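Notes follow the structure.
The values are calculated or read from the model by the stated rules, or taken from the named source; none is laboratory data. Keep in mind that this is a model prediction, so the values were computed, not measured. Backbone-built Cβ (ideal geometry, glycine too); neighbour counts: all protein chains shown. Ligands, DNA and RNA are excluded from the accessible area calculation, which covers all protein heavy atoms including side chains. Shrake-Rupley method; radii C 1.70, N 1.55, O 1.52, S 1.80 Å.
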Amino acid sequence: MRVLAWIGVFGLVAALGAAVVPHTPRPAANVQLQTTSVGFGLAIPQGLLPSPAASVPVVAKPAPAPSKSSQPPASKKSAPAPSRASIVVRSTQQALINQDRAGYHLASLTWSTCLYNVARYEAAHLATPGVAFKHYDGVSRDLTCHLGHQVGENIGWYSGGINDTKLNSMFMASPEHKANILGPYRYVATAWVVRADGAAFIAVEFG
């Protein structure tokens with residue numbers, strides 16, 4: 001298997017909300033692949049929800065009174081037609097995911113701040129010394145972002161530090177992780193956390 005030839009030790013885990021995926025047995029000692037699933041209606045432990053992004057109210061200012069000058073009024077220009085919302089990209093891993101999706105003629109995923117809060121928490125938790133490398137409650141917290149009825153999470157770690165290209169290649173080489181990358185989502189967010197020993201942990205949240 002080509003994965004075993006890569007330098008460094010790594011692990012991957014994928015989870016999908018609202019779907020049941022069988023457990024995949026662990027292969028070789030330096031590769032960790034497994035799949036878990038989490039559906040709807042799960043109790044979320046207190047204190048683990050990411051804080052919502054603060055919204056700032058916008059106060060409309062009244063237009064200034066027209067001046068009484070002798071100059072003729074300026075001609076009014078018609079407002080441009082509203083354009084479709086652009087895709088927001090805020091991480092290298094997200095850009096690679098969108099390249100993967102484009103190769104399958106799928107729409108790009110835009111950034112979600114809510115999913116980023118989940119990804120940041122999950123990656124930091126996984127990077128904590130003594131914490132087992134597995135899914136916790138990321139997908140159930142993804143559902144609280146209310147971005148759709150299906151959510152997913154890919155997590156991975158690499159002993160050589162942050163390496164988006166390598167992790168994306170490993171995700172795409174795994175059927176369960178690839179299914180999340182090419183899934184029926186509209187939003188994504190990713191976060192890396194590096195542990196003191198140099199190992200880097202990534203969480204990718206889909207919604």
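The rows are residues; the columns are (1) touching a Ser or Thr at 6+ places or on another chain (Cβ under 9 Å); (2) within 27 Å of Gly103 (Cβ to Cβ).
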site	(1), (2)
Val131	no, no
Gly138	no, yes
His146	no, no
Gly152	no, yes
Trp157	no, yes
Lys166	no, yes
Ala173	no, yes
Glu176	yes, yes
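List pairs: first residue in the stretch 164-187 and surrounded by fewer than 16 Cβ atoms within 10 Å (Cβ to Cβ), second residue among the acidic types (Asp, Glu) anywhere in the structure, Cβ distance under 9 angstrom, at least six positions apart or on different chains.
Pairs that qualify, where the first residue is surrounded by fewer than 16 Cβ atoms within 10 Å (Cβ to Cβ) and the partner is among the acidic types (Asp, Glu), are Leu182/Asp100.
Quick one: count up the residues across the stretch 94-120 that are part of a helix (DSSP H, G or I) and either of a type in the set (A, V, I, L, M) or at pLDDT below 95 (or both). Show your work before the answer.
Let us first name the residues in the stretch 94-120 that are part of a helix (DSSP H, G or I), namely 94-103, 113-120.
When the remaining residues are screened for being either of a type in the set (A, V, I, L, M) or at pLDDT below 95 (or both), the result is 95-97, 102, 115, 118-119.
Qualifying residue count, the stretch 94-120: 7.
Quick check: anything in the stretch 136-149 farther than 15 Å from Ser91 by Cβ, in contact with a Pro (Cβ under 8 Å, 6 or more places away or on another chain), open to solvent by 50 Å² or more (accessible area, probe 1.4 Å) and modelled with pLDDT of 95 or more?
The answer is no, given that none of the residues of the stretch 136-149 is farther than 15 Å from Ser91 by Cβ, in contact with a Pro (Cβ under 8 Å, 6 or more places away or on another chain), open to solvent by 50 Å² or more (accessible area, probe 1.4 Å) and modelled with pLDDT of 95 or more.
Return yes when Thr190 is touching a residue at least 24 places away in the same chain (Cβ under 8 Å) and in contact with a strand residue (DSSP E or B) (Cβ under 7 Å, 6 or more places away or on another chain) and no when it is not. Walk me through how you get there before you give the answer.
Working: touching a residue at least 24 places away in the same chain (Cβ under 8 Å): yes; in contact with a strand residue (DSSP E or B) (Cβ under 7 Å, 6 or more places away or on another chain): yes.
Here the answer is yes, as Thr190 does meet what is asked.
Which of (1) surrounded by 23 or more Cβ atoms within 10 Å (Cβ to Cβ); (2) touching a Phe, Trp or Tyr at 6+ places or on another chain (Cβ under 7 Å); (3) of a type outside the set (Ser, Thr, Tyr) is the odd one out, the single condition Ala199 does not satisfy?
With respect to (1) surrounded by 23 or more Cβ atoms within 10 Å (Cβ to Cβ); (2) touching a Phe, Trp or Tyr at 6+ places or on another chain (Cβ under 7 Å); (3) of a type outside the set (Ser, Thr, Tyr), Ala199 is out only on (1).
Taking the residues in the stretch 164-187 that are among the hydrophobic types (A, V, I, L, M, F, W, C) and over 15 Å from Ala15 (Cα atoms) as candidates, determine which candidate is nearest to the chain's Cα centre (by Cα).
Leu167
Which one of these does Ala123 not meet: (1) assigned to a helix (DSSP H, G or I); (2) under 19 Å from Leu12 (Cβ atoms); (3) open to solvent by 30 Å² or more (accessible area, probe 1.4 Å); (4) touching a residue at least 40 places away in the same chain (Cβ under 8 Å)?
Unmet for Ala123, out of (1) assigned to a helix (DSSP H, G or I); (2) under 19 Å from Leu12 (Cβ atoms); (3) open to solvent by 30 Å² or more (accessible area, probe 1.4 Å); (4) touching a residue at least 40 places away in the same chain (Cβ under 8 Å): (3).
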